[in-house]
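To keep things clear, I will list the structure first and then write my remarks on it.
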Amino acid sequence: MEKITSFTINHLKLLPGVYVSRRDKAGDTTVTTFDIRMTRPNFEPVMNTAEIHAIEHLGATFLRNHKDFADKVLYFGPMGCRTGFYLLLTGDFQSKDIVPLMREMFSFIRDFEGDVPGASARDCGNYLDINLPMAKYIAGRYLEETLSVIDEKRLNYPED
């Protein structure tokens, strides 16, 4: 079998950043999949499921309520390797196009106070596995160490 595109990226050279993972056609619409890479694969610890879960709830809620992007959001969810998230938007975008959106979203997560949306037995299948303090810490670290200093090597996948 042929490797899927995401398995052809050299993860030993991949830095935290915002990358276009792929573009697909759905009828006449382009769908852009973003790789929101928050930790350096195979070099630093992965995120735990509880903070990933909190970021997922807060990020999805933020994106689906965003004044400019709500109608473009198809999906926001974690990578199985626990090093980041995938964001699928309708439209043909470049990585740099969503950096302001990511800064806004991760600021929202970092500064969030109160109950995590959907964190109840009625609304979520694993509502007890949510760690808001760690999600806020990780969001702040990603803002400071990646999004605030982002450059081409964190916007384009590394050459093999």
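So here's what we get for this one:
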| quantity | calculated |
| --- | --- |
| So Val20, is it under 17 Å from the mean Cα position of the chain (by Cα), farther than 30 Å from Asn126 by Cβ and modelled with pLDDT of 95 or more | yes |
| Which listed residue, of Arg82, Arg103, Arg110, is in a loop (DSSP other than H, G, I, E, B), of a type in the set (D, E, K, R) and over 18 Å from Val31 (Cβ atoms) | Arg82 |
| Count of residues meeting criterion [within 10 Å of Ala139 (Cβ to Cβ) and loosely packed, with under 11 Cβ neighbours inside 10 Å] in the stretch 97-121 | 1 |
| Long-range neighbours under 7 Å by Cβ, at least six apart or interchain, first residue of a type in the set (Lys, Arg) within the stretch 32-45, second in a strand (DSSP E or B) | Arg37/Gly17; Arg37/Tyr19; Arg37/Gly84 |
| Considering residues of the stretch 64-79 that are of a type outside the set (Gly, Ala, Ser) and within 15 Å of Val31 (Cβ to Cβ) only, the residue surrounded by the most Cβ atoms within 10 Å (Cβ to Cβ) | Phe76 |
| Test: Lys13 is part of a helix (DSSP H, G or I), among the basic types (Lys, Arg) and within 24 Å of Arg141 (Cα to Cα) | no |
| Residue satisfying all of: in the stretch 151-160; surrounded by fewer than 18 Cβ atoms within 10 Å (Cβ to Cβ) and not polar (S, T, N, Q); nearest to Asp35 (Cα to Cα) among these | Leu155 |
| Residues of the stretch 1-53 that turn out to be charged (D, E, K, R), closer than 16 Å to Arg82 by Cα and surrounded by fewer than 20 Cβ atoms within 10 Å (Cβ to Cβ), as a count | 2 |
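The values are calculated or read from the model by the stated rules, or taken from the named source; none is laboratory data. For clarity, every value in this text was computed on a predicted model and none was experimentally measured. Neighbour counts run over all protein chains shown; Cβ positions are idealised from the backbone, glycine included.
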